[in-house]
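These notes are about the structure you will find just below.
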Amino acid sequence: MNRVNESQGIIHKVCRLYCDDEIHRQDLFQEIMLQLWRSYPSFKGKSKFSSWMYRVALNIAIQDFQKEKKRKYFFLQAYEFKEPQPSNNKEFDNEMVQRLHQAIAKLDKVEKAIMLLHLDELPNEEIAKIVGITQNHVRVKMTRIRKKIAKTFKNE
């Protein structure tokens, strides 16, 4: 599990992508860590460790997102398109990065996952394995995602 501790950045990225509320983000982080700990014995080493972590983290984040979506009142309050809360993290200081995060927040859950993995410079083959689609579908999705993000930037 030391590898998990060394790669916590992956979990933080997933949590930031799916939660804009700090308390909810911390809860999601803890849930992902718990699930990684529980499922670590099933890691066979057939893929990269980071790919396995992404898959587990994204699955938990998407499940959490779907649970919250079912609670309509909370969903409207927490996930309605709104400005992300300012962060003390220097990564978000750049205005262009903030605009990109706002555009990504408007994507659906699969598109968010693909974009996160793409921004982490994972090859399409690895993204396809993590998300569970073909490489060709990853390329098609990325083209559509780029168009959506470009449209969002034009409309601002």
Mind counting the residues in the stretch 1-43 that are open to solvent by 50 Å² or more (accessible area, probe 1.4 Å) and modelled with pLDDT under 85?
-> 7
Restrict the check to the stretch 116-128 and report whether at least one residue is over 17 Å from the mean Cα position of the chain (by Cα) and modelled with pLDDT of 80 or more.
-> yes
Within the stretch 91-100, tally of residues that are open to solvent by 50 Å² or more (accessible area, probe 1.4 Å) and in contact (Cβ under 8 Å) with a residue 24 or more places away in the chain | 1
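The values are calculated or read from the model by the stated rules, or taken from the named source; none is laboratory data. Owing to the predicted nature of the structure, the values given are computational and were not obtained by experimental measurement. Note: ideal-geometry Cβ built from the backbone for every residue, glycine included; neighbour counts use all protein chains shown. Calculation scope for accessible area: heavy atoms of the full protein, side chains included, ligands and nucleic acids excluded. Shrake-Rupley method; radii C 1.70, N 1.55, O 1.52, S 1.80 Å.
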